[in-house]
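Below: the structure, in structure tokens.
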Amino acid sequence: MGKKQLISKSLTTISNMGAWLLIIVIILIMSIVRPDTFLTAANLINVPRQVAVVSIIALGASFVVLGGEIDLSTGMASTFAGCNAALMVTRMGMNTYAAILVAVLVGSIIGTLTGCIVTYLKIPAFIGSLGVQYVIQGLILITTNSMPINGLPENFLFLGRGYLADVIPVPVVIMAILFVIGAVLLRYTTFGRSVIAVGENQEAAKLSGLNVNRTKVLIFTIGGFCAALAGVVQAARLSSGQPGSGADLALQALAAVYIGGTFKGSMLNTLAGALAWGLVNNSLNLLGVNAHWQKVALGAIIIVAVLFDIARAKISTSQSSNS
Amino acid sequence: MQETPEILKLTNVNKSFPGVKALTDVHFSLRKGEIHALVGENGAGKSTLMKILSGAYKKDSGTIAFDGHEVEITSPKFSEKLGISIIYQELNLINRMTVAENVFLGRYPKKNGLIQWRQLNKDAEALFESFGIDMDVKAMLRSISIAQQQIVEIIKAVSINAKVVIMDEPTSSLTSRETEVLFRIMRTLKDRGIAVIFITHRLDEIFATCDRMTILRDGCYVGTREVSGITKDEMISMMIGRELTQQYPARDVALGDTVLEVKNLSDHSGRVKNVSFSARSGEVLGFAGLVGAGRTETMRLLFGCDPKSSGEIFIDGKAVSIAHPRDAITNRIGFVTENRKEEGLFLRSSVRTNTVMVAMEKILRFKLFLDFNKERSVAEEYVHMLKTATPSVNQPVMFLSGGNQQKVVLAKWLFSDSRIVILDEPTRGIDVGAKREIYEIINKLAADGKVIIVVSSEMEEIMGISDRIVVMHEGRIAGEVDKEHFSQSLITEYAVGGA
């Protein structure tokens with residue numbers, strides 16, 4: 001009996017760890033296989049820096065997914081914001097921070113519009129946000145003439161390339177601050193509860209007096225806000241507004257959400273998902289795996305991670321019903 | 001009276017579910033070419049019996065003989081192979097296909113692996129014609145009315161070489177014209193020697209179509225009668241004839257002032273027509289009626305779930321506007337819905353999360369952050385008060401039993417300070433012991449001066465716990481009965497639109 005309890009307890013612990021377990025496994029393996037290149041401070045700081053953009057988008061996407069919806073337009077929304085900010089600074093001579101503020105505001109409005117399309121026009125989120133994605137892509141090509149926007153000032157670049165105290169990359173700081181806010185919003189506010197409630201059972205949420213429509217629109221607003229902010233960081237990292245840079249970002253962010261298994265209701269799982277994603281990328285690079293095969297491996301990992309999640313859910317279900 | 005051979009004979013069939021004996025020594029015999037009504041109150045065991053015949057449930061004991069041979073119906077497939085065809089109330093058709101495609105789904109005529117569309121349509125036309133039904137078989141299913149779709153479903157079911165056709169309340173969504181068509185189909189089947197089991201609440205329909213009837217009550221076999229030799233009154237007394245048991249805890253509450261007044265409530269779809277009633281503080285007001293009489297719809301209107309077409313609601317004499325559940329909650333109304341899993345609970349969330357869901361603002365710190373300590377103590381308080389059996393308040397509610405889940409729903413409304421509590425079928429799917437606990441909670445709430453509205457299809461229950469009963473029939477209030485005049489036959493008569 002004692003042994004059984006021990007097993008079930010450790011299973012529960014493991015199942016609660018989610019993507020953190022994946023991270024530990026990767027670190028362990030890589031420390032053995034490539035101790036010289038992997039376990040260096042430079043490399044270990046590089047990973048969060050590389051995933052910062054994706055994980056900020058993923059933070060917003062987590063709210064959308066938790067609310068039972070999906071947003072495919074976040075990648076383009078982030079590129080749009082990066083290009084907009086760059087345009088305003090370089091062509092219109094706007095103050096960097098004012099430009100960023102406007103760009104992020106526009107991103108939030110785009111998210112809100114997507115939310116309204118899904119909520120009030122009752123168009124399924126998948127197809128509605130796909131449409132929005134193409135509209136934004138078109139707008140990007142129109143406004144930028146599909147040319148990169150160079151010549152960003154130093155204070156703009158600092159957001160993507162700078163370091164705090166000479167060690168911590170600024171994008172990682174931004175990411176950390178946003179995750180703290182996101183985690184508090186989800187866990188400690190009635191809004192966060194509403195998101196989970198609406199995602200779980202919309203009818204019950206309505207009958208419990210929750211404002212279902214407002215919640216649904218707001219999750220898209222947050223998605224747009226985070227995407228836009230990530231886009232600004234991305235532009236700063238690339239030293240330019242790159243019209244073609246966001247094609248894959250929305251899907252990478254969703255991959256991070258699913259690998260993380262945010263459904264446990266903790267925003268930190270998304271962070272773990274994004275970090276795991278970055279670690280896998282990093283490890284495959286260090287192992288010298290060809291870039292084409294890396295895609296194959298990453299795709300397989302998404303599927304395996306979700307499979308693992310389903311298995312965990314089954315284990316915890318059978319445990320609780322036994323008790 | 002000449003004896004026709006029996007196609008189906010059930011002897012001493014028993015079936016139990018955890019905590020509930022659903023069928024006790026039930027007999028049922030069906031002759032070839034007869035239309036046989038199966039009647040009984042809700043919960044009498046009709047659907048359980050039919051599900052045993054369809055292979056959805058397995059009987060615990062007893063024998064089933066089909067066409068003279070004893071059989072074990074182990075699966076729906078086997079039941080179908082025997083020639084038992086069931087028509088459920090819900091439609092199992094595909095909207096984006098034509099009528100003909102729906103009828104022959106999965107058995108299209110083929111030549112060299114290719115579907116013969118012309119043949120398909122011709123076969124379908126011939127099939128409908130053989131029942132004397134005029135139907136455009138090339139019409140898309142979604143373009144025809146629900147009632148016509150129901151006819152398609154029936155024709156589909158009987159076209160599969162059926163020897164026994166079971167119809168589970170097929171007329172509930174039919175207009176009188178389509179009901180006539182249905183009766184014609186039933187008579188055509190009868191002429192072909194096919195036996196029909198007809199489940200219905202409408203007693204008039206039994207007299208119009210059936211040869212014999214079998215009555216079930218509380219999972220027990222009451223008897224089988226020739227329809228020609230029975231009166232409506234006899235039928236009703238056979239359906240309900242029993243004494244109230246001491247299941248219902250006594251309540252001694254002085255009624256207070258009128259709190260809730262509803263005037264001329266109607267909806268857009270015609271399922272609620274001009275409903276008016278009032279309720280006093282400390283009163284338990286029961287709503288009786290048949291399934292589909294409009295009771296749930298009335299409660300949904302009152303709670304602001306669906307739009308009203310007319311009607312006013314007064315609380316403490318003041319007119320209130322309720323257009324959304326939020327408005328109802330602001331006016332301190334709570335609604336324990338009929339489907340707790342679909343509409344009442346967040347199954348994956350914990351007991352504590354569910355408990356505070358309606359009134360989260362009551363556990364905020366600095367008006368902004370949820371106070372988890374307070375949340376836990378609140379949830380624990382209600383677990384204690386309602387005697388909810390759960391290992392902890394962190395347990396996801398999906399792991400609780402039906403009765404305990406219902407208590408979590410109740411806790412949710414109690415924590416939000418509801419003064420008017422609507423309970424729709426509060427004891428459905430709950431075992432006997434937990435039922436009594438729910439009744440005790442109802443009494444306690446009444447004693448606290450709350451207004452309790454209970455919708456229930458169980459006659460005994462509604463008479464056992466109500467101070468007054470409003471009976472609905474086809475969207476209208478058919479009658480109102482005070483406690484001293486409670487009688488099952490009176491209520492049943494109102495419910496079937498007889499009085």
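The values are calculated or read from the model by the stated rules, or taken from the named source; none is laboratory data. Nothing here was measured: the structure is a model prediction, and the numbers come from that model. Because the Cβ atoms are built from the backbone with ideal geometry, glycine has one as well, and the counts that use them run over all protein chains shown.
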Quiz item: Can you tell me which of B:R212, B:R242, B:R217, B:R184 is at pLDDT below 80 and surrounded by fewer than 21 Cβ atoms within 10 Å (Cβ to Cβ)?
Solution: B:R242
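For segment A:59-93: of the residues being of a type in the set (S, T, Y) and surrounded by 24 or more Cβ atoms within 10 Å (Cβ to Cβ), which is farthest from A:V118 (Cα to Cα)? Please lay out each step first, then the result.
Our first condition is that a residue be of a type in the set (S, T, Y); within segment A:59-93, this holds for A:62, A:73-74, A:78-79, A:90.
From the residues that got through so far, the ones that are surrounded by 24 or more Cβ atoms within 10 Å (Cβ to Cβ) too are A:62, A:73-74, A:78-79.
Numbers: A:S62: 17, A:S73: 13, A:T74: 15, A:S78: 20, A:T79: 22 Å.
Going through the qualifying residues, I end up with A:T79.
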Practice problem: Tell me which of these B:S377 doesn't satisfy, since it passes every other one: (1) surrounded by 16 or more Cβ atoms within 10 Å (Cβ to Cβ); (2) more than 12 Å from chain A (Cβ to nearest Cβ); (3) not aliphatic (A, V, I, L, M). | Solution: (1)
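Of the residues B:I94, B:I73, B:I86, B:I64, which is in contact with a Leu (Cβ under 7 Å, 6 or more places away or on another chain), assigned to a strand (DSSP E or B), in the same structural domain as B:I166 (by TED's automatic domain parsing) and of a type outside the set (D, E)?
Details: B:I94 fails: assigned to a strand (DSSP E or B); B:I73 fails: assigned to a strand (DSSP E or B); B:I86 fails: in contact with a Leu (Cβ under 7 Å, 6 or more places away or on another chain).
It is B:I64.
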Quiz prompt | Failed item, numbered, when A:A205 is tested on (1) out of contact with any Ser or Thr (no Cβ under 8 Å at 6 or more places or on another chain); (2) buried (at least 22 other Cβ atoms within 10 Å of the Cβ); (3) within 14 Å of chain B (Cβ to nearest Cβ) | solution = (1)
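Take B:K263 and decide whether it is in a loop (DSSP other than H, G, I, E, B), more than 9 Å from chain A (Cβ to nearest Cβ) and among the basic types (K, R).
For B:K263, the condition - in a loop (DSSP other than H, G, I, E, B), more than 9 Å from chain A (Cβ to nearest Cβ) and among the basic types (K, R) - is not met.
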Self-check item: Selection count where residues are within 29 Å of B:D316 (Cα to Cα) and part of a helix (DSSP H, G or I), scope segment B:451-468
Solution: 5
Practice problem: Could you check how many residues of segment A:162-189 are within 10 Å of chain B (Cβ to nearest Cβ) and either modelled with pLDDT of 95 or more or closer than 20 Å to B:V358 by Cβ (or both)? | Solution: 3
Quiz item: How about segment A:1-45: which of its residues are surrounded by 10 or more Cβ atoms within 10 Å (Cβ to Cβ), at pLDDT below 70 and among the charged types (D, E, K, R)?
Solution: A:K9
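Tally up the residues in segment B:398-421 that are among the aliphatic types (A, V, I, L, M) and away from chain A (no Cβ under 11 Å), please.
Step one: list which residues in segment B:398-421 are among the aliphatic types (A, V, I, L, M), which gives B:398, B:400, B:408-411, B:414, B:420-421.
Going one step further and asking which of them are away from chain A (no Cβ under 11 Å), we end up with B:408, B:410-411, B:414, B:420-421.
Qualifying residue count, segment B:398-421: 6.
Between A:A98, A:A42, A:A58, which is touching a residue at least 12 places away in the same chain (Cβ under 8 Å) and assigned to a helix (DSSP H, G or I)?
Values: A:A98 fails: touching a residue at least 12 places away in the same chain (Cβ under 8 Å); A:A42 fails: touching a residue at least 12 places away in the same chain (Cβ under 8 Å).
Step by step, each of A:A98, A:A42, A:A58 is checked, and only A:A58 is touching a residue at least 12 places away in the same chain (Cβ under 8 Å) and assigned to a helix (DSSP H, G or I).
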Exercise. Quickly run through segment B:190-221 and pick out the residues that are touching a Gly at 6+ places or on another chain (Cβ under 6 Å) and part of a loop (DSSP other than H, G, I, E, B).
Key: B:G193, B:G219
Quiz item: Among (1) part of a helix (DSSP H, G or I); (2) at pLDDT 90 or above, where does B:V158 come up short?
Solution: (2)
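Yes or no: A:A247 under 23 Å from A:F179 (Cα atoms) and away from chain B (no Cβ under 14 Å)? Working first, answer last.
Working: under 23 Å from A:F179 (Cα atoms): no; away from chain B (no Cβ under 14 Å): yes.
No: the conditions fail for A:A247.
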Quiz item: So is B:V39 farther than 22 Å from B:P170 by Cβ, touching a strand residue (DSSP E or B) at 6+ places or on another chain (Cβ under 8 Å) and modelled with pLDDT of 85 or more or not?
Solution: no
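For segment B:469-495, which positions are assigned to a loop (DSSP other than H, G, I, E, B) and surrounded by fewer than 21 Cβ atoms within 10 Å (Cβ to Cβ)?
Initial filter on segment B:469-495 (assigned to a loop (DSSP other than H, G, I, E, B)): B:474-475, B:486-487.
Of everything in segment B:469-495, those that are assigned to a loop (DSSP other than H, G, I, E, B) and surrounded by fewer than 21 Cβ atoms within 10 Å (Cβ to Cβ) turn out to be B:E474, B:F486, B:S487.
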Quiz prompt | For B:I322: the one exception among (1) touching a strand residue (DSSP E or B) at 6+ places or on another chain (Cβ under 9 Å); (2) within 11 Å of chain A (Cβ to nearest Cβ); (3) without any contact (Cβ under 8 Å) to a residue 24 or more places away in the chain | solution = (2)
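For segment B:276-288, does any single residue satisfy the condition of being within 14 Å of chain A (Cβ to nearest Cβ), of a type outside the set (G, A, S) and in contact (Cβ under 8 Å) with a residue 40 or more places away in the chain? So that I can check it myself, show each step before the final result.
Narrowing segment B:276-288 to residues within 14 Å of chain A (Cβ to nearest Cβ): none.
No, segment B:276-288 has no match at all.
When segment B:100-134 is examined, which residues are found to be of a type in the set (D, E) and in a loop (DSSP other than H, G, I, E, B)?
Let us first name the residues in segment B:100-134 that are of a type in the set (D, E), namely B:101, B:123, B:125, B:129, B:134.
Result: B:D134, single match.
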Quiz item: Which members of segment B:398-448 meet the condition of being over 30 Å from B:A44 (Cβ atoms), hydrophobic (A, V, I, L, M, F, W, C) and not in a strand (DSSP E or B)?
Solution: B:F399, B:A411, B:W413, B:L414, B:F415, B:A447
Practice problem: Give the residues of segment B:360-370 that are buried (at least 16 other Cβ atoms within 10 Å of the Cβ) and more than 9 Å from every other protein chain (Cβ to nearest Cβ), sorted by residue number. | Solution: B:I363
Exercise. Could you give me the residue pairs with C-beta distances under 8 Å whose first residue belongs to segment B:358-380 and is in the same structural domain as B:P391 (by TED's automatic domain parsing), whose second residue is among the small types (G, A, S) and part of a helix (DSSP H, G or I) wherever it lies, and which are 6+ apart or on separate chains?
Key: B:A379/B:A411
Quiz prompt | Single residue of A:T112, A:T96, A:T144 found to be modelled with pLDDT of 95 or more, over 24 Å from A:G260 (Cα atoms) and either touching an Asp or Glu at 6+ places or on another chain (Cβ under 6 Å) or crowded, with 18+ Cβ neighbours inside 10 Å (or both) | solution = A:T112
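Pull up segment A:190-202, narrow it to residues that are free of Cβ contacts under 8 Å to residues at least 60 places away in the same chain and more than 7 Å from chain B (Cβ to nearest Cβ), then point me to the one that is nearest to the chain's Cα centre (by Cα).
Residues of segment A:190-202 free of Cβ contacts under 8 Å to residues at least 60 places away in the same chain: A:190-194, A:197, A:201.
If we keep only those that are more than 7 Å from chain B (Cβ to nearest Cβ) as well, we get A:191-192, A:194.
Numbers: A:F191: 19, A:G192: 17, A:S194: 20 Å.
Filtering segment A:190-202 for residues that are free of Cβ contacts under 8 Å to residues at least 60 places away in the same chain and more than 7 Å from chain B (Cβ to nearest Cβ), the one nearest to the chain's Cα centre (by Cα) comes out as A:G192.
Listed residues B:T258, B:T298, B:T330; which is surrounded by fewer than 17 Cβ atoms within 10 Å (Cβ to Cβ), hydroxyl-bearing (S, T, Y) and more than 14 Å from chain A (Cβ to nearest Cβ)?
On the way: B:T298 fails: surrounded by fewer than 17 Cβ atoms within 10 Å (Cβ to Cβ); B:T330 fails: more than 14 Å from chain A (Cβ to nearest Cβ).
Unique residue meeting the criteria: B:T258.
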Quiz item: Looking only at segment A:210-229, which residues are part of a helix (DSSP H, G or I) and under 30 Å from B:G334 (Cβ atoms)?
Solution: A:V212, A:N213, A:R214, A:T215, A:K216, A:V217, A:L218, A:I219
Exercise. Working only within segment B:12-61, note down all residues that are aromatic (F, W, Y) and outside any strand (DSSP E or B).
Key: B:Y57
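Does B:Q150 meet the test of being out of contact with any strand residue (DSSP E or B) (no Cβ under 6 Å at 6 or more places or on another chain) and surrounded by fewer than 19 Cβ atoms within 10 Å (Cβ to Cβ)? Walk me through how you get there before you give the answer.
Values: out of contact with any strand residue (DSSP E or B) (no Cβ under 6 Å at 6 or more places or on another chain): yes; surrounded by fewer than 19 Cβ atoms within 10 Å (Cβ to Cβ): no.
Considered against the rule, which asks whether it is out of contact with any strand residue (DSSP E or B) (no Cβ under 6 Å at 6 or more places or on another chain) and surrounded by fewer than 19 Cβ atoms within 10 Å (Cβ to Cβ), B:Q150 comes out as no.
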Quiz prompt | Hey, B:F17 aromatic (F, W, Y) and touching a helix residue (DSSP H, G or I) at 6+ places or on another chain (Cβ under 8 Å) or not | solution = no
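Where residues in segment B:333-348 are at the interface with another protein chain (Cβ under 7 Å from one of its Cβ atoms) and in contact with a Lys or Arg (Cβ under 9 Å, 6 or more places away or on another chain), which of them is surrounded by the fewest Cβ atoms within 10 Å (Cβ to Cβ)? Explain how you work it out, then say what you get.
Filtering segment B:333-348 down to residues at the interface with another protein chain (Cβ under 7 Å from one of its Cβ atoms) leaves B:335, B:337, B:342-346, B:348.
The next check asks that each one be in contact with a Lys or Arg (Cβ under 9 Å, 6 or more places away or on another chain); those that pass are B:335, B:337, B:343-345.
Numbers: B:F335: 29, B:T337: 25, B:E343: 21, B:G344: 28, B:L345: 27.
Checking each candidate, the answer is B:E343.
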